[in-house]
Amino acid sequence: MRWTAKELDMYSQSKEYVDTVLIPLVPLSFGGEMKQTGSMNEFLTILSLEIEKQMKGRILLMPSLQYLHNEKDKVERLKHWANEAKENNFKHVFFLTSDYEWKKDERELENHLIWIPAIPLENLEIDQARGMIGQQVLQILDIFTYNWKNEKK
Amino acid sequence: MSKHNVSRRQFLNYTLTGVGGFMAAGMLMPMVRFAIDPVLSADKGGDYIATKQKVSELTAEPTRVDFSFKQVDGWYESEETNTAWVYKMDDGKIIALSPICKHLGCTVAWNTDKANPNQFFCPCHYGRYTKDGVNVKGTPPISPLDVYETKEKDGILYLGRLKPHGEA
């Protein structure tokens with residue numbers, strides 16, 4: 001479900017079924033990496049919407065967490081978001097990003113980081129881009145189903 | 001001058017009737033147009049969308065068919081891609097099922113649950129549907145999958161409107 005009034009209504013009616021939150025992490029920069037962050041933003045937006053479409057009934061897609069590329073306390077901020085979600089009965093909190101910086105903090109994020117390099121979509125034909133996104137979505141869905149299955153045991 | 005003189009009274013009568021007639025027509029025409037509008041627009045062909053799937057290549061095994069179309073979503077128009085699970089029945093009838101789970105809207109897939117082969121499976125809450133799209137009792141979904149209207153033109157599969165199960 002998306003973070004819109006209508007879909008959050010749907011969420012509050014079926015809370016017991018939605019136990020997973022997905023937070024895209026998008027870096028911003030005005031310097032040399034400006035274009036790169038734009039590329040990541042584009043890629044993560046499309047990718048997260050596709051994931052949401054496939055798993056609408058169990059995943060709540062949050063608006064992305066944006067931060068400046070040199071921001072010091074971004075890990076703290078993210079933990080705050082995650083804790084808030086956990087306190088509100090979300091058993092699984094996942095982060096989706098293309099920014100390599102987060103890899104360093106992976107341990108602190110308790111293995112819930114999905115890091116996937118951004119495809120420069122602006123250089124691709126629309127059909128090609130769709131195909132590639134589709135494949136990545138399938139791989140990410142596997143991560144979710146794996147986590148859900150293991151929770152059952 | 002001419003033999004048939006037009007009196008002032010007659011002249012005014014003609015002009016008034018003429019002008020009045022135009023005014024009445026101007027008012028009535030849109031009303032009539034509104035009244036018969038449903039009749040005029042009903043025959044638009046039901047908005048069928050062409051897929052890339054050849055009908056001759058369909059089998060009894062459900063195949064994933066993607067198709068895209070323009071959709072106006074609130075503020076902006078976007079190109080939306082949808083999927084259907086399509087197969088051919090023994091009598092040649094084509095069935096195109098919507099992949100949207102009737103439980104909470106996840107996307108179901110064919111034959112992906114190893115424990116329950118030859119069924120549609122929803123990965124979110126393990127809902128299942130038989131091949132004809134009917135929900136398996138005891139799993140979360142409470143109604144069967146929706147069905148697309150189908151049409152064949154020049155050997156290509158066209159998909160139309162989405163209908164509740166049993167109506168397309």
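The values are calculated or read from the model by the stated rules, or taken from the named source; none is laboratory data. Because the structure is a prediction, the values reported are computed rather than measured. As a convention, Cβ positions derive from the backbone with ideal geometry for all residues, glycine included, and neighbour counts pool all protein chains shown. Please note that ligands, DNA and RNA were not included when accessible areas were found on the heavy atoms of the full protein model with its side chains. Shrake-Rupley method; radii C 1.70, N 1.55, O 1.52, S 1.80 Å.
With 20 Å² as the minimum drop in accessible area between chain alone and full protein complex (1.4 Å probe), the qualifying residues in the stretch A:35-58 are A:LYS53, A:GLN54, A:MET55, A:LYS56, A:GLY57, A:ARG58. When chains B and A come together, the accessible area they lose, probed at 1.4 Å and totalled over both chains, is close to 1300 Å².
Residues within the reach of a label modelled at B:TYR76 (point 7 angstrom out along Cα to beta-carbon, backbone nitrogen below 17 Å), restricted to the stretch A:23-55, are A:38-50.
Hey, what's chain A come to in accessible area per residue, 1.4 Å probe, Å²? Spell out each step's value before the answer.
On the way: 8790 Å² over 153 residues.
The answer is 57 Å² per residue.
Of the residues B:THR63, B:PHE22, B:PRO141, the one whose Cα sits farthest toward the positive end of the charge dipole of chain B, with +1 on the Cβ of Lys and Arg and -1 on the Cβ of Asp and Glu, is B:PHE22. A cut-off of 5 Å between modelled amide H atoms, ignoring neighbours fewer than 5 places along the same chain, links B:ARG161 with B:GLU149. In terms of distances greater than 19 angstrom between alpha carbons, the cross-link table entries A:LYS56/A:LYS79; A:LYS56/B:LYS163; A:LYS149/B:LYS137; B:LYS102/B:LYS163 yield A:LYS56/A:LYS79; A:LYS56/B:LYS163; A:LYS149/B:LYS137.
Comparing the full protein assembly with the isolated chain (1.4 Å probe, heavy atoms, ligands and nucleic acids excluded), the residues of the stretch B:78-116 losing at least 20 square angstrom of accessible area are B:GLU79, B:THR81, B:HIS103, B:LEU104, B:GLY105, B:CYS106, B:THR107. For the residues of B:120-127, the average number of beta carbons from a partner chain within 10 Å of their own beta carbon is 5.
Taking the Cα centre of the protein assembly as shown as the origin, how large is its charge dipole in debye, to the nearest 20, when only Lys and Arg (+1) and Asp and Glu (-1) carry charge on their Cβ atoms? Walk me through the intermediate numbers first.
Details: 40 positive and 43 negative charges, 243 e Å.
Computed about the Cα centre, the dipole is about 1160 debye.
Bridging of A:LYS15 to aspartates and glutamates at a Cα separation below 19 Å is possible for A:GLU7, A:GLU52, A:GLU84, A:GLU87, A:GLU151, once same-chain residues fewer than 8 apart are set aside. Panel note: contact residues of the stretch A:112-133 (accessible area lowered by at least 50 Å² against the chain on its own; 1.4 Å probe) correspond to A:ARG130. For A:MET132 and B:MET31, the FRET efficiency from 1/(1 + (r/R0)^6), where r spans their Cβ atoms and R0 equals 56 Å, is about 0.50.
Across the stretch A:17-145, the relative contact order, built from alpha-carbon pairs under 8 Å that are at least six residues apart, equals 34 percent. Projected label points at B:ASN116 and A:ARG77, each 7 Å from Cα along the beta carbon direction, are separated by 4.3 nanometres. Taking the Cα centre of chain B as origin and assigning +1 to Lys and Arg Cβ atoms and -1 to Asp and Glu Cβ atoms, the resulting dipole is close to 800 debye. Projecting the Cα atoms of A:GLN139, A:THR37, A:SER64 onto the charge dipole of the stretch A:26-153 (Cβ charges, centred on the Cα centre) puts A:GLN139 farthest toward the positive pole.
Please report the carbon-and-sulfur percent of the accessible area for the stretch B:43-105; probe 1.4 Å, protein heavy atoms only, DNA, RNA and ligands left out. Don't skip to the answer; put the middle values down first.
Values: 1870 of 3840 Å².
Heavy-atom surface of the stretch B:43-105 belonging to carbon and sulfur, 1.4 Å probe: 49 percent.
Report summary: the helix-based calculation at 222 nm, which adds -39500 (n - 2.57) for every DSSP H run with n ≥ 4 and divides by the residues of chain B, gives -7500 deg cm²/dmol. For the pair A:ASP142 and A:ASN123, label points projected 7 Å from Cα toward Cβ lie 2.6 nm apart.
Of B:ARG128, B:ARG64, B:ARG33, the residue with the greatest mean-square motion in the GNM of chain B, using alpha carbon springs below 10 Å, is B:ARG33. Within a straight-line Cα-Cα reach of under 18 Å, A:LYS104 can be paired with the following aspartates and glutamates, leaving aside sequence neighbours fewer than 8 residues apart in one chain: A:GLU71, A:ASP73, A:GLU76.
Counting only residues at least eight positions apart within a chain, or on another chain, the aspartates and glutamates with an alpha carbon under 18 Å from that of B:LYS52 are A:GLU125, A:ASP127, B:GLU61, B:ASP66, B:GLU79, B:GLU80, B:GLU149, B:GLU152, B:ASP154.
The simple Förster model, with R0 at 41 Å and r as the Cβ-Cβ distance, assigns B:ALA50 and A:GLU151 a FRET efficiency of 0.45. Between B:SER143 and A:GLU42, the FRET efficiency from the beta-carbon distance, with R0 = 35 Å, is close to 0.40.
Within the listed set A:LEU22, A:LEU96, A:LEU138, the Gaussian network model of chain A (springs between alpha-carbon atoms below 10 Å) gives the highest mean-square fluctuation for A:LEU138.
Remark: the stretch B:53-168 carries 54 Å² of accessible area per residue (probe radius 1.4 Å; ligands, DNA and RNA excluded). Can you tell me how the protein assembly as shown classifies by the Cα gyration tensor, rounded, prolate or oblate, using a/c under 1.5 as the rounded cut? The shape class here is prolate.
For chain A, what % of the accessible area comes from carbon and sulfur atoms, probe 1.4 Å? Walk me through the numbers on the way to the answer.
Values: 4550 of 8790 Å².
C and S atoms contribute 52 percent here.
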